[in-house]
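The next block holds one structure in the form of structure tokens; read it before the comments.
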Amino acid sequence: MKLDEALQISLHSINREINNIVRQDKDVPRSSLLAESISGLIASGGKRLRPLMVVVGSRFGPSPDQRKIWRLAAAAEFIHAASLIHDDIIDGSPLRRGKPAMHTTVGVNAAVHIGNYMFARVIELVSAYSAEREKYAYDLTFIAITRLCIGEYQQLSHAFDYGMTVDQYLEKSRNKTSLLMAACLRTGALAAGASGEIAGRLYEFGDKLGLSFQIRDDLLDFTGSEEELGKPAGSDLRNGQVTLPVLYALEDPALAPRIRSIGPDTAPQEIASVVAAIKAGDAPERTEAFSRRLLNEARGIAAELSGFPAQRDLLTLLEYFGGRGR
Ligand code: FPP
Ligand code: MG
């Protein structure tokens with residue numbers, strides 16, 4: 001069963017609200033490249049994980065105003081989708097989910113403008129709630145977007161940095177991935193009137209779930225097939241991303257010098273051979289165990305929320321995240 005069905009959330013309503021973000025901007029004609037590119041992007045799919053988390057969060061509050069929740073859910077997807085437009089330009093990835101990335105279709109310059117417009121539109125939309133001095137609006141926009149930028153910057157500044165520590169890797173991964181998920185759950189909860197304490201527990205749950213998700217995604221770069229990944233295995237290593245499996249493999253004195261010698265000009269055959277050596281060691285198993293520990297910690301938080309019927313949604317998220325990568 002798909003995640004939205006398991007959570008009993010209508011993807012149709014989420015998608016309609018996402019499209020409304022552009023449609024309701026009177027200054028953007030529907031037939032413009034801007035509007036059409038964004039609708040095409042939205043129509044190209046995606047699991048809508050972040051909007052689903054906003055809705056799940058709202059189920060922990062006594063008074064979910066459905067219209068407000070859908071809008072916040074749509075804003076969360078807009079932030080994510082805009083960040084991926086920028087990410088594909090930065091990573092030089094021509095494809096996203098097996099289809100041409102935005103910059104492949106419209107060119108880099110137009111794609112940058114479209115991504116920037118999407119971020120700005122989210123801030124405009126969510127400002128309506130900031131005016132009511134509702135703090136969750138700040139969480140979703142300023143905090144989450146700032147963290148995404150910092151995470152990307154940290155990733156860039158640690159490219160081919162084999163002296164990176166596990167803590168630095170975790171901080172970058174939280175900024176890039178888990179804090180937005182955490183903010184989605186907390187935003188939904190606060191917007192529905194949940195207490196700060198419950199919203200805080202949901203934030204911690206989302207943080208651990210998201211971090212576990214990012215670590216599994218990084219592991220998949222070694223263990224996944226090209227078909228599964230939509231790009232050749234070892235792409236992160238080739239792009240200088242020092243992820244948790246690499247940090248563990250660097251502890252192997254025989255393998256460490258070969259990993260350290262990888263740079264922007266290393267031949268693909270050498271990278272493939274290092275990927276095979278990393279896969280053959282204990283790094284994948286240790287990485288998997290780290291990710292599982294985080295999932296178990298998240299499960300512990302969910303257990304504390306047994307007084308809420310929506311606890312079952314947290315268990316559904318855990319089951320979903322435990323079974324797959326990005
Ligand atoms: C995917 O990483 C990328 C992210 C989770 C965040 C990207 C964020 C930015 C580029 C910041 C942009 C923000 C502004 C305001 C300009 P990945 O490359 O590891 O995953 P992938 O395999 O899905 O591409
Ligand atoms: Mg990328």
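The values are calculated or read from the model by the stated rules, or taken from the named source; none is laboratory data. Worth saying up front: this structure is predicted, and the values here are computed from it rather than measured. Backbone-built Cβ (ideal geometry, glycine too); neighbour counts: all protein chains shown. The protein model used for the area step is the full one, side chains on, heavy atoms only, and it has no ligands, DNA or RNA in it. Shrake-Rupley method; radii C 1.70, N 1.55, O 1.52, S 1.80 Å.
Couple of notes before you dig in:
- Test: residue in the range 11-22 that is assigned to a helix (DSSP H, G or I), within 20 Å of the chain's Cα centre (by Cα), aliphatic (A, V, I, L, M) and within 16 Å of ligand 1 (Cβ to nearest atom): no
- Within the set 196, 206, 210, 200, the sole residue that is closer than 30 Å to residue 310 by Cα, of a type in the set (Gly, Ala, Ser), loosely packed, with under 15 Cβ neighbours inside 10 Å and out of contact with any Asp or Glu (no Cβ under 9 Å at 6 or more places or on another chain) turns out to be 196.
- The test for being of a type outside the set (D, E, K, R) and either open to solvent by less than 20 Å² (accessible area, probe 1.4 Å) or touching a strand residue (DSSP E or B) at 6+ places or on another chain (Cβ under 8 Å) (or both) does not hold for residue 62.
- The set of residues in the range 264-305 being outside any helix (DSSP H, G or I) and open to solvent by 80 Å² or more (accessible area, probe 1.4 Å) consists of 264, 265, 282.
- Qualifying residues in the range 26-57 (those that are outside any loop (DSSP other than H, G, I, E, B) and among the hydroxyl-bearing types (Ser, Thr, Tyr)) - the one nearest to residue 305 (Cα to Cα): 39
- Residues being more than 22 Å from residue 54 (Cβ to Cβ) and either in contact with a helix residue (DSSP H, G or I) (Cβ under 6 Å, 6 or more places away or on another chain) or surrounded by 21 or more Cβ atoms within 10 Å (Cβ to Cβ) (or both) - total across the range 110-123: 2
- Restricting the range 58-109 to residues that are in contact with a helix residue (DSSP H, G or I) (Cβ under 8 Å, 6 or more places away or on another chain), in a loop (DSSP other than H, G, I, E, B) and more than 13 Å from ligand 1 (Cβ to nearest atom), the residue that is nearest to residue 190 (Cα to Cα) is 61.
- Residue within the range 84-98 that is open to solvent by 70 Å² or more (accessible area, probe 1.4 Å), away from ligand 2 (no atom under 16 Å from the Cβ) and touching an Asp or Glu at 6+ places or on another chain (Cβ under 9 Å) present: no
- Residues that are open to solvent by 10 Å² or more (accessible area, probe 1.4 Å), within 17 Å of residue 284 (Cβ to Cβ) and of a type in the set (A, V, I, L, M, F, W, C) do occur in the range 233-249.
- Matching residues, the range 87-101, being among the aliphatic types (A, V, I, L, M) and within 15 Å of residue 45 (Cβ to Cβ): 95, 101
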